[in-house]
Amino acid sequence: MLNGLSVKNKTMLFVSSIVLFFAAIFSFFIYLQQQERIASLQSSYHRHFLESYDKIILKHKEFYENRVMANISSVGVKEALEAQDREKLYALSKGRWETLKKENEFLDVMHFHLYDGTSFLRMHKEEKYGDTIANFRPMLAHIHEKKEPISGFEAGVYSFSYRVALPVFKDGKYLGALEFGSRPEHILSEMEFFYDLKGAIFIKKNPISAIKEQKHIEINDYALVYENLGNEALVERIARSYHFEDNKNITIGERSYVLYSIDLFDFQKNSVGKVVFFNDTTKMQEEFYQVLKRIFIFLAMLLVVLLFVVHYGFEKIITILEMANKKLEASHKKMHNYLELIDKNIITSNTDLEGTITYASEALCRISGYEKEELFGQKHNILRHKDMPSSFFENLWASLGQKRFFRGDIKNRTKDGENYWIESTIFALYDENGVHIGYTSVARDITDRKKVEEISITDALTKLYNRGYFDRVCPRVLDEAKRADGWIAFMIMDIDFFKDYNDTYGHQEGDMVLREVAHSIAESLKRPSDYAFRLGGEEFGVLLKPEEATGTLKLAHKIQKSVGALEIRHAKSSVAPFVTVSVGVVTKKAREVSSCDTLYKQADDLLYHAKANGRNGVSSNI
């Protein structure tokens, strides 16, 4: 059959076959590459999502453990529970209950339990008490038996909640337990706020719970209780074909979703519920198919052009070249548009060897608030935030000097003084002759991720760092001071007669005092390398690397005086008519400090000495 074809037609057939063969291979390769890219993006998103979920649960647990301890430690609470004086206990706890309800709209349980397993006082339903609830609630039975703190999801008489319970002792005698519970809707609320993810919560049916399932939708042994999807078709679809698989892809109409399923565990790490989040990937899928569509169109056009060349012969070369030139112009325009798209959406900049900015993308200008003209010719440190220590940039330049490459998270400052975070990759820039002429930075905005991380290390009331962050940062600061053969200092301060203040003015005013004292401490610190913490209750800490030993003592007196200067009235203080603090401060050569625990213990001992010497003073080792 081929013998009857002309040379031209044979050539056309051969060219067509070759083009189609390579087009199929190329298309398949692009398809696999795009699939891998989508899978990688979804995997990365899923990992960050799980980390954020764990941090939300941990933050919630620590927050309410502190609230339970604060309530138990309030004057008269243990005595009222021991005397089983329900009215007095209600009066003592009412203020804190109302304050916590305002802070968290999903908080629905504050429950005192007696040692024998009976309900003594429900702040959320004070008229209901006396039932032997421990017979139906394994969590309560466990705490009465083991007498140790406990937390987890569990259904109660009135709600399915995340519960935190601590035992109550007085003079070594076990009196009972105090329990806080928050509806799991707070998980949906926080994940929607930070990740724009909506979801649904299912729980195992529990005969003692009075909660009503939404829409009577069930999956296996789980019933729907909360959802913020606002899409009835989506809810009905998962009820028919979903069985809590993680990373499950589903399509409803023209929308595509990836479903993430997480177990809600009780105190024994048994699953008592499921939370399912819905990630709308429709836009990503559409972009994927648009890429394939453009490739197919391009290959089809290429085939047409080649056949056209063969069909009309060399006499049409000029015409073809003219058409090719038009295509080249179109491609040039597309490339220009592509570069413009990068300029608008990718945070990039170039500098010379001295760090002077020679190029800045529109995306960088948008996030920093500067115009391009304001950045060109400026040193790159115009964007540097004061919180970034000098040691970070020393390591950055050392890495660029050795490897011609650096990658890390950088906190920058906008033109109007706000901050933003980027994940930056910096590499050396060379000219056509291979001469090193500067550096290029390519970055992405990670401000939202850093905000989530900041929540996990920040005390919610005072906005200072929390005790957990002290345990993380102190070893690093100590190591840095040792390498520099420098000083390290740590001070602990305690608000004098704070329990008496709370008893006199109430917990709301007490929280105000904590915020004011925290603000005064933070305002006294001027260097990015100085850290202020709320260590717990009315106790605060400051960690720093002073340049000389006496500087820390001066700072301690400055903080003590600044708190007194607030002139917050304290009628029950025996040392001053206003709120005051006692401070213990230890300053040593870093090489003389074996560990952060030792440093903390020495500062705590000096705080005790300051209190023993009459309070409202500073006790130091120098």
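The values are calculated or read from the model by the stated rules, or taken from the named source; none is laboratory data. All values reported here derive from a predicted model rather than from experimental measurement. Virtual Cβ from ideal backbone geometry, glycine too; neighbours counted across all protein chains shown. When the accessible area is computed, the model is the full protein with side chains, heavy atoms only, and any ligands, DNA or RNA have been set aside. Shrake-Rupley method; radii C 1.70, N 1.55, O 1.52, S 1.80 Å.
The value of relative contact order for segment 309-464, using C-alpha pairs under 8 Å at least six residues apart, is 18 percent. For Arg569 and Asp387, a Förster radius of 30 Å and the Cβ-Cβ distance give a FRET efficiency of 0.30, rounded to the nearest 0.05.
With a Förster radius of 56 Å applied to the C-beta separation of Ser331 and Arg527, the computed FRET efficiency comes to 0.55. Given a 1.4 Å probe and the protein chains as shown, Met301 ends up with an accessible area of around 90 Å². Normalised radius of gyration (Cα atoms, divided by 2.2 N^0.38 Å) for the chain: 1.29. Ligands, DNA and RNA aside, Val157 has an accessible area near 50 Å² when probed at 1.4 Å.
Axis angle, to the nearest 10 degrees, between helix 447-457 and the longest C-alpha principal axis of the chain: 20 degrees.
A full extension of the chain between Arg515 and Ser44 corresponds to an added length of 165.8 nm, given 0.36 nm per residue minus the alpha carbon distance. Which Cα, out of Asn502, Ile250, Ala518, lies furthest along the positive dipole direction of the chain (beta carbon charges, K/R +1, D/E -1)? Farthest along the dipole direction, towards plus: Ile250.
Modelled spin labels at Ile437 and Ser241, positioned 7 Å past Cα toward Cβ, are 5.6 nm from each other.
Residues with amide H under 5 Å of Thr414's amide H, sequence separation 5 or more or different chain, H placed in the peptide plane at 1.01 Å from N; which? Residues meeting the criterion, in which the H sits 1.01 Å from N, are Asn419, Tyr420. Starting from the Cα gyration tensor of segment 475-558, take the square roots of the eigenvalues, sort them a ≥ b ≥ c, and report rounded, prolate or oblate (rounded when a/c is under 1.5, otherwise prolate if a/b is larger than b/c, else oblate). Because a/c hits 1.5 or more and a/b exceeds b/c, segment 475-558 counts as prolate.
The accessible-area ordering, largest first, of the residues Lys101, Lys601 stands as Lys601, Lys101, per a 1.4 angstrom probe. Helix 86-103 axis versus longest C-alpha principal axis of the chain: approximately 20°, rounded to the nearest ten. Look at where the Cα atoms of segment 474-542 and of segment 241-256 average out, and the two centres are 49 Å apart.
Taking the protein heavy atoms of segment 118-192 in the context of the full set of protein chains, the accessible area attributed to carbon and sulfur is 47 percent at 1.4 Å. Under the rule a/c < 1.5 gives rounded, and otherwise a/b versus b/c splits prolate from oblate, where does segment 230-302 land using the Cα gyration tensor? Because a/c hits 1.5 or more and a/b exceeds b/c, segment 230-302 counts as prolate. The calculated 222 nm mean residue ellipticity attributable to helices in the chain amounts to -16000 deg cm²/dmol, summing -39500 (n - 2.57) over DSSP H runs of n ≥ 4 and dividing by all residues. Only protein heavy atoms count here; under a 1.4 Å probe, Ser349 has an accessible surface of about 10 Å². Charging the Cβ of each Asp and Glu at -1 and of each Lys and Arg at +1, and nothing else, the dipole of the chain about its Cα centre rounds to 860 debye. To the nearest ten degrees, helix 232-241 and the longest principal axis of the Cα atoms of the chain are 90 degrees apart.
Across the cross-link table entries Lys88/Lys601; Lys205/Lys248; Lys403/Lys589; Lys125/Lys173; Lys333/Lys379; Lys204/Lys450, which are compared at the Cα atoms, the separations over 31 Å belong to Lys88/Lys601; Lys403/Lys589; Lys333/Lys379; Lys204/Lys450. Pop out the carbon and sulfur fraction of the accessible area of segment 422-476 as a percent, whole number, probe 1.4 Å. Reported share for carbon and sulfur atoms: 51 percent. Rolling a 1.4 Å probe over the heavy atoms of the protein chains gives the chain an accessible area of 53 Å² per residue. Here Glu548 and Glu148 are evaluated by their C-beta separation; at R0 = 41 Å the FRET efficiency comes out at 0.30. Taking each residue as 0.36 nm, the span from Phe194 to Glu218 lengthens on full extension beyond its C-alpha to C-alpha distance by 5.8 nm. For segment 508-622, the carbon plus sulfur part of the accessible surface works out to 48%, probe radius 1.4 Å. Largest first, the residues Ile346, Ile422 sort by 1.4 Å accessible area into Ile346, Ile422.
A straight chain from Thr282 to Asn231 at 0.36 nm per residue would run longer than the Cα-Cα distance by 16.8 nm.
Among Thr348, Thr550, Thr598, the sequence by solvent-accessible area, most first, with a 1.4 Å probe is Thr550, Thr598, Thr348. Across the chain, the mean sequence separation of Cα contacts (distance under 8 Å, 6 or more residues apart), normalised by length, yields a relative contact order of 8 percent. With only Cα atoms counted, segment 500-622 has Rg and Dmax values of 14.7, 46 Å.
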